[in-house]
Amino acid sequence: MRVLYLLNVSNSSQLSADSGFTFADLLAPALTDAGVEVTVASPVAVGDARVAFAPTVSPSTKYRARFDPGMDALVGLFRARRPGVVVANQVEAAPAVRAALLEAGVDATVVGYCHYLPFSFTGTGVLELDPAMDDRGLGRSVLLAFAAGLAACDRVLVHSSTAASWTTAAAARTGVDLGDRLHIVPAPRDVRLVRDPAGITPPDGRATGLYNHRLYAHYGTARFTELARRLVAGGAVRLTVMDLFGTRSPERIRLDPSPERHLEELATTDGVTIASDRGDRVRYRSILAGAHFGIAPFRPGCPWSMSVIDCQAMGLPVIAPRTGWLAEHIDDELLFDTDEQAAQIAERLATDPEFYLLHAKRAYASTADLTPAAIAARYLEAIR
């Protein structure tokens, strides 16, 4: 099988903050091990030299990635590589991929992987557009482009049952019947970030919580900031907050200045430490190992989170708001609806060794089936 993997890298200078790139960097070598001929078309090559690389230009904004896929470049790429399967990791680009294959005279299966959903559903079934994709009212257009992408795919892959439910419902509302084309294929855990909880020492009455998510407003960072103040006020918890972006370009700041604003607010909060791995996976592991538990993002439309998986694979319990995929994946004893409940759970993790070690083991076990080899097998089963 010859697979061409089209990957949009949103920030090539901060690859550690790009979960799509990390996914490809883990999956492509595992597919190669399974006998697949893989080419990654991306602004940045993955780390395994066995994976072929076709350099592409990264779109300058998130909207260009969705509305300007570059037909000429796609036609040339398809003619040169002659793939049997094309994976569009930007689902909105799938119609252009299909049209470019037609123009290039190449017959290939088109696979869309829904790494990101530009919508979510409330508990009462109301569809809500993701505000991150709704600048000046573009959200509805992004939703329709996403639905058009689903229609153009032979296979549609999603991370979780929550994502599958939401994607199916959104497709139906726009007249797209996914039928048997939808498959659940979660992301692989990072083999560099795995730690047996048998060697973990529980906190002795004081615990460090880790928040390792993007600080965009649409991730619910304002809500997290409120919780952060509540957690550190009790004295049993200190927090480490990851600065995943470093210095962003003026163009990205102009489009959304919220990460810088939230980072400044958190940096001036007593009991909160800002940390950066500077793109170094070894340093990132050290930061994870220095924490006792993780905190999930407050993003309403969370269909999956690599940062949550990173924590769990290291044996860190993750506390989470009862919403989206988090409510599907996180142990019920670690879910909360209010800041008071979150504080109670965090304090118990800090002061109850038996409770802590139980959930450290459960966290680690929840990622046991996410090895790259296991995910590659599921991926191949889905796209054949």
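Data table
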item	result
Residue that is nearest to GLY315 (Cα to Cα), among those in the stretch 341-374 that are of a type in the set (S, T, N, Q) and open to solvent by 10 Å² or more (accessible area, probe 1.4 Å)	SER366
Given (1) among the aliphatic types (A, V, I, L, M); (2) farther than 23 Å from PRO29 by Cβ; (3) not in a helix (DSSP H, G or I), index of the condition ALA148 fails	(3)
Tally, over the stretch 276-320, of residues that are more than 24 Å from THR167 (Cβ to Cβ) and among the hydroxyl-bearing types (Ser, Thr, Tyr)	3
Hits in the stretch 375-384 - residues which are open to solvent by less than 50 Å² (accessible area, probe 1.4 Å) and within 23 Å of ILE330 (Cα to Cα)	ILE375
VAL38, sole failed condition from (1) modelled with pLDDT of 95 or more; (2) hydrophobic (A, V, I, L, M, F, W, C); (3) assigned to a helix (DSSP H, G or I)	(3)
Filter result for SER60 (over 26 Å from ALA163 (Cα atoms) and in a loop (DSSP other than H, G, I, E, B))	yes
Residue among ILE200, ILE184 that alone is of a type outside the set (S, T, N, Q) and modelled with pLDDT under 95	ILE200
ALA54 vs. criteria in contact (Cβ under 8 Å) with a residue 24 or more places away in the chain and either out of contact with any helix residue (DSSP H, G or I) (no Cβ under 7 Å at 6 or more places or on another chain) or assigned to a strand (DSSP E or B) (or both)	yes
Test: LEU244 is open to solvent by 10 Å² or more (accessible area, probe 1.4 Å), assigned to a loop (DSSP other than H, G, I, E, B) and aliphatic (A, V, I, L, M)	yes
Residue identified as at pLDDT 95 or above, open to solvent by 30 Å² or more (accessible area, probe 1.4 Å) and at negative phi among ARG50, ARG64	ARG50
Which numbered condition PRO259 fails, given (1) crowded, with 19+ Cβ neighbours inside 10 Å; (2) under 19 Å from the mean Cα position of the chain (by Cα); (3) touching a residue at least 60 places away in the same chain (Cβ under 8 Å); (4) outside any strand (DSSP E or B)	(3)
Subset of the stretch 96-133 (residues that are free of Cβ contacts under 8 Å to residues at least 24 places away in the same chain and open to solvent by 60 Å² or more (accessible area, probe 1.4 Å))	LEU102, ASP107, GLY123, THR124, VAL126
Subset of the stretch 163-189 [in contact with a strand residue (DSSP E or B) (Cβ under 9 Å, 6 or more places away or on another chain), more than 17 Å from ALA93 (Cα to Cα) and part of a helix (DSSP H, G or I)]	ALA163, ALA164, SER165, TRP166, THR168, ALA169, ALA170, ARG173
Every pair of residues 6+ apart whose Cβ atoms lie under 9 Å, when the first sits in the stretch 67-79 and is more than 14 Å from ASP107 (Cα to Cα) while the second is of a type in the set (Val, Ile, Thr) and surrounded by fewer than 14 Cβ atoms within 10 Å (Cβ to Cβ)	GLY70/VAL57; ALA73/VAL57
Flag if ALA320 is at negative phi, out of contact with any Cys (no Cβ under 7 Å at 6 or more places or on another chain), in a strand (DSSP E or B) and open to solvent by less than 20 Å² (accessible area, probe 1.4 Å)	yes
The stretch 217-235: number of residues that are outside any helix (DSSP H, G or I) and surrounded by 18 or more Cβ atoms within 10 Å (Cβ to Cβ)	1
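This table checks each residue for (1) assigned to a helix (DSSP H, G or I); (2) hydrophobic (A, V, I, L, M, F, W, C); (3) closer than 30 Å to CYS153 by Cβ.
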| position | (1), (2), (3) |
| --- | --- |
| ILE287 | yes, yes, no |
| CYS302 | no, yes, yes |
| ALA343 | yes, yes, no |
| GLU347 | yes, no, no |
| PHE355 | yes, yes, no |
| ALA360 | yes, yes, no |
| TYR364 | yes, no, no |
| LEU370 | no, yes, yes |
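The values are calculated or read from the model by the stated rules, or taken from the named source; none is laboratory data. Because the structure is predicted, anything quoted here is derived from the model rather than measured. So basically every Cβ, Gly included, is an ideal-geometry build from the backbone, and we count neighbours across all protein chains shown. Please note that ligands, DNA and RNA were not included when accessible areas were found on the heavy atoms of the full protein model with its side chains. Shrake-Rupley method; radii C 1.70, N 1.55, O 1.52, S 1.80 Å.
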